[in-house]
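See structure below.
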Amino acid sequence: MLDTFFNPAGVAVIGASRDTHKLGYGVVRNLTEYRYQGNIYPVNPVAREILSHRCYQSIASVPDPVDLAIVVVPAAHVADSLNQCGERGIRHAIVVSGGFRETGPDGKTREDELLKVAQKYGMRIIGPNCIGTIDTHTPVNTTFVIGMPNAGDIGFVSQSGAMVAAVIDWARGAGVGFSRIVSCGNQVDVDVTEMLETVGDDPQTRVITAYIEGVTNGREFMEIAEKTAREKPVVVVKAGHGESGAKAVASHTGALAGSAEAYDAAFLHSGVLRANTTEELFDWARALAWQPLPQRNRVAVLTNAGGPAILAVDALEEAGMQLAPLTERTKDFLRPRLPAAASVNNPVDVLAGSGPATYALALDTLLSDPTVDAALVIQAPQDWFLPESLAEVIGEIAGIHRKPVLTSIMGLASIDKALAILHQKRVPTFSFPERATSALAAMWVRRQWLDLPIERPYEMPGIDMNSAKAAVSSERYDLLLSAFGINLPPSKLTANADEAVNFAEEIGYPVVMKLVSKSFSHKSDIGGVRLNLTNKKAVITVYREIMNIAQKANPNADIEGILIQKMLFGGQEMIVGFRRDPHFGPLIVVGSGGTEVELIKDVAMGIAPVNCSQAEKMIDSTLAGIRLKGWRGMPAGDKNALIDVIMRMSQISLDFPEIHELEINPLYVLPEKQGVFAVDIRGSINREANE
């Protein structure tokens, strides 16, 4: 349905102008100059023609075929213009005009009127406050921005019109082709999510890029983004870190899992590659559009200079890539064919005096090596052959093999022709090698995501849902976890010192004592948690101390009692929890636990529901995950039991939307096959969630 914005049968420009300095003139100019083959209908009540196109006094007088309106009139008149479009039968409109929500409450009221018109007529609207759309293959350019990129295979969706204008100018200067470009503006109707799907469905588009400031429906975005990413790479740059989400939270999880972290987790879950900069956005896009994905992460570096190669190797290692080991057969083949002082070890240095023929032989040999998954070709400036001659042979050799080849033809002043040749041969090139390694790493991340197995639903025996519901109603999170089959150490809430002693002696020393009170989020901060108590006297003394400390800290505190718990030894402290993000839903957190979790911030995050593979990747991406494998004599932890807890917490987050935050910290992970125990639990309820 949205394809009309890129392939209209006829376009009415409402607010077309003869004044070359006005936006209404720029739109007509671009439709005309960039060879739009459909009908162009300027709507201007006083002009007879604009750029040889007959003008029409009103929308009603515009003849068929016309299925797209571009509105460039003052904000106060836009709703009337859209009503006239609806009566005329036009069901697609781009509102270029500004003066809406971005200007304040009055503008928001005007914008709401546009949505009412859209709903009345079943009209789809891009904007307001946008630049428009481009399809280089139709071709059509509905923007007012001077210039149009070459026809290519990179799509670009943006919430910022200024970004679109900048990308158009950059693309023309860099010689990079685009397929479709769209500025979404205020998104009164059509939003970034819908446009990702539409641009992704375009057969001319191989990679979808996007500039995103925020999404309104996070779950829908993830669904569409994942569906699109299964077919084509999706690369975004996300502007703004948003609210941290750490205000008035009841847990470490809430403090750690802010808005920016939620977006990162959503992108990771959906297979969306998040670039850190606009430069990375289009570096990665070119590599993904033009070259095959690597099967693994082993890279061969071919260079004529040692310094750039060292920088490349450093950047590769930092990005999670590896140097390909190269077979002895490859080295033996290269040794007599390269200069005597050349290095046949990776990185392969053919030295400054080597020309294109030597590069060609070495590159072909490296790409034929089974240990090589990708190649990075570096050429530092020299004066005994033209860079374009090297570009020709690189393009030729790259086209023979089904492995990615990226280049860094270093410099700028002397390489224009080489860049044009490499672009034509679909080999991405970068001014400096570090940028190339970043693109290779992005390609490897995508390969790993595509290769993740489709898993069967995880079976979770031992869940007592009736008990779980009762526990949530009473806000007894310990009972909730027990009902969901998560182990807790032997423990009991005690009302006095004698009761505490009796239970401690029943379960055996040593024990832990913890203040239980909703008035204190972090009991350890006030001395409300004591460890390794080994006898009756210690329990009685500490019981009184904790009660006195709590009453002094908050005389009005609601104190339920003191929890006596069996002290555990020989395990590792981790944190597993979730916080409910307003856009994406439950955000699962796993990582290093204990009292310093917010200081260390060694956590990974995912969006529920997570599967076993995702849970394992979350664990492995943390330092805690490294320790869990066994670190310096420490026994390996029970990783399978930890994954089971993550899966059960994920399910709790889905089954009980009223739970805003829930956290186990620490989750005590014992050695392999000995299980895990939820030592400390805290959470908070949002009762409005079920109302």
Identify the GluC sites (Glu not before Pro) of the range 548-629 meeting these criteria: DSSP loop state and at most 12 other C-beta atoms within 10 Å of the C-beta. 596
Rounded tilt (10° steps) of 218-231 against the dominant C-alpha axis of the chain: 60 degrees
Would you compute, for the Cα atoms of the range 292-450, the largest minus smallest coordinate along each principal axis and list the three values in descending order, in whole Å? 43, 34, 28
What FRET efficiency would be calculated for the residue pair residue 532, residue 328, taking the C-beta separation as r and a Förster radius of 41 Å, to the nearest 0.05? 0.10
Kindly provide the pair-distance distribution of the range 2-205 built from C-alpha pairs, with 10 Å bins from 0 and whole-percent values in order of increasing distance. 10, 39, 38, 13, 0
Take the alpha-carbon positions of the range 303-358, form their convex hull, and give its projected area averaged over all directions (one quarter of the hull surface) in nm². 4.1 nm²
Cα extents of the range 1-63 along the three principal axes, largest first, in whole Å? 33, 25, 17
Cut-off 15 Å between beta-carbons: net charge of the residues surrounding residue 285, Lys and Arg +1, Asp and Glu -1: +3
Stokes-Einstein D for the range 490-566 (10 °C, 1.306 mPa s, Kirkwood Rh from Cα pairs), in µm²/s, comes to 131 µm²/s
Label-point separation in nm, residue 51 to residue 310, each point 7 Å along Cα→Cβ: 5.5 nm
Net charge of Cβ neighbours under 10 Å - reference residue 577; Lys, Arg +1; Asp, Glu -1: 0
Please work out the ratio of the alpha-carbon Rg of the range 624-691 to 2.2 N^0.38 Å and round it to two decimals. 1.36
Could you give the radius of gyration (one decimal) and Dmax (whole number) of the Cα atoms in the range 572-690, in Å? 13.8, 49
Roughly speaking, what is the centre-to-centre gap between the range 273-292 and the range 58-78 when only Cα atoms are used, to the nearest Å? 37 Å
Can you give the log10 of the normalised intensity I(q)/I(0) at q = 0.16, 0.22, 0.23, 0.24 Å⁻¹, computed with Debye over equal Cα scatterers of the range 85-175? -0.75, -1.10, -1.15, -1.19
Counting each pair of different Cα atoms once, what's the Kirkwood radius of the range 346-423 in Å, rounded to one decimal? 12.7 Å
Total charge of the residues flanking residue 665 in space, meaning their Cβ is under 14 Å from its Cβ, with Lys and Arg +1 and Asp and Glu -1, is -4
Per the helix-only calculation at 222 nm, which mean residue ellipticity applies to the chain, given -39500 (n - 2.57) for every DSSP H run of n ≥ 4 and division by its residues, nearest 500 deg cm²/dmol? -12000 deg cm²/dmol
In whole angstrom, the spacing between the Cα centers of the range 348-382 and the range 484-540 equals 66 Å
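Ratio to report: Rg/Rh of the range 252-324, with Cα atoms as the point set and Rh obtained by the Kirkwood method; give two decimals.
Values: Rg = 16.3 Å, Rh = 15.1 Å.
Taking Rg over the Kirkwood Rh, I get 1.08.
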Estimate the FRET efficiency between residue 505 and residue 217 by the formula 1/(1 + (r/R0)^6), using the beta-carbon distance for r and 45 Å for R0, to the nearest 0.05. 0.20
Hydrodynamic radius by Kirkwood for the range 187-242, inverse mean 1/r across distinct Cα pairs, in Å, is 11.6 Å
Listed highest first by mean packing, meaning other Cβ atoms within 10 Å per residue, what order do 464-472, 498-506 come in? 498-506, 464-472
Angle between the Cα long axis of helix 387-400 and the longest principal axis of the chain, 0 to 90 degrees, nearest 10? 70 degrees
For helix 105-121, what angle does its Cα long axis make with the longest principal axis of the chain, in degrees from 0 to 90 and rounded to 10? 70 degrees
Label model pair residue 473, residue 19: point-to-point distance (7 angstrom along the Cα→beta-carbon line) in nm is 6.9 nm
Size descriptor, Kirkwood hydrodynamic radius, that averages inverse alpha-carbon separations across the chain, Å: 29.1 Å
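What is the calculated FRET efficiency for residue 450 to residue 166, with r their C-beta to C-beta distance and R₀ = 30 Å, to the nearest 0.05?
Values: r = 31 Å, r/R0 = 1.03.
Taking R0 as 30 Å, the efficiency between residue 450 and residue 166 is 0.45.
Quick note: the coordinates plus some simple rules give every number you see, no bench work behind them. As the structure is a computational prediction, the values presented were derived from the model and not from experiment. Cβ atoms come from the backbone with ideal geometry, glycine included; neighbour counts cover every protein chain shown.
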